[in-house]
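Notes follow the structure.
The values are calculated or read from the model by the stated rules, or taken from the named source; none is laboratory data. What you are looking at is a predicted structure, and each value in this text was computed from that prediction instead of being measured. Here Cβ is always computed from backbone atoms with ideal geometry, including for glycine, and neighbour counts include all displayed protein chains. These area figures cover heavy atoms from the full protein model, side chains too; ligands, DNA and RNA do not enter into them. Shrake-Rupley method; radii C 1.70, N 1.55, O 1.52, S 1.80 Å.
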Amino acid sequence: MDRSVPRPLIAMIGEVFVRLNAYSNRDLILQIEAAGGRVALAGFAEWQYTSHWYVIERHKLRRERLDQVKAIVTQAWMRHREHQLHAKVAHLR
């Protein structure tokens, strides 16, 4: 493969299971790459952040301020921990 030629970048978004399961997405990533494209795939953490955002919003709507603050602190810890884990494997890229 000639890496000097720019390849189109395709973002694969959507439902988390379909995105991450090769059988469900019919090996879409391999098909895109075989056709000369690159794939930017939202990972599992994105799904966790989205789900947790709904938790924060639910507490906000119910005016459960203490629970909302706890959820926001939890989300900050999740992001911090994700950055720590990324730093540990950055040399593998």
Notebook entry, point to check: Solvent-accessible area per residue for the chain at a 1.4 Å probe radius, Å²?
Noted result: 81 Å²
Next item on the list: Would you mind counting up the charge near L66? Only other residues with Cβ under 14 Å from its Cβ, with Lys and Arg at +1 and Asp and Glu at -1.
Entry: +4
Next item on the list: Could you please put Y49, Y23, Y54 in sequence from largest to smallest accessible area, using a 1.4 Å probe?
Entry: Y23, Y54, Y49
Notebook entry, point to check: Using a 1.4 Å probe on the protein chains only, how many percent of the accessible area of the chain belongs to carbon and sulfur?
Noted result: 61 percent
Checklist line | Under-5 Å amide H pairs with I10, H placed in peptide plane, nonlocal only | finding: R38, V39, A40
Item checked: For Cα extents along the principal axes in Å, calculated from these coordinates, the label among (1) 50, 27, 19; (2) 55, 31, 22; (3) 63, 32, 17 -> (2)
Notebook entry, point to check: Once phi is turned into θ = phi - 60°, what whole-Hz ³J(HN,Hα) does the Karplus curve with 6.51, -1.76 and 1.60 give for every residue of region 76-93, x standing for Gly and Pro?
Noted result: 4, 5, 4, 5, 4, 5, 4, 5, 4, 5, 4, 5, 5, 10, 4, 5, 7, 6
Item checked: Ranked by how many other beta carbons lie within 10 Å on average, peptides 79-87, 31-39, 2-10 from highest -> 31-39, 79-87, 2-10
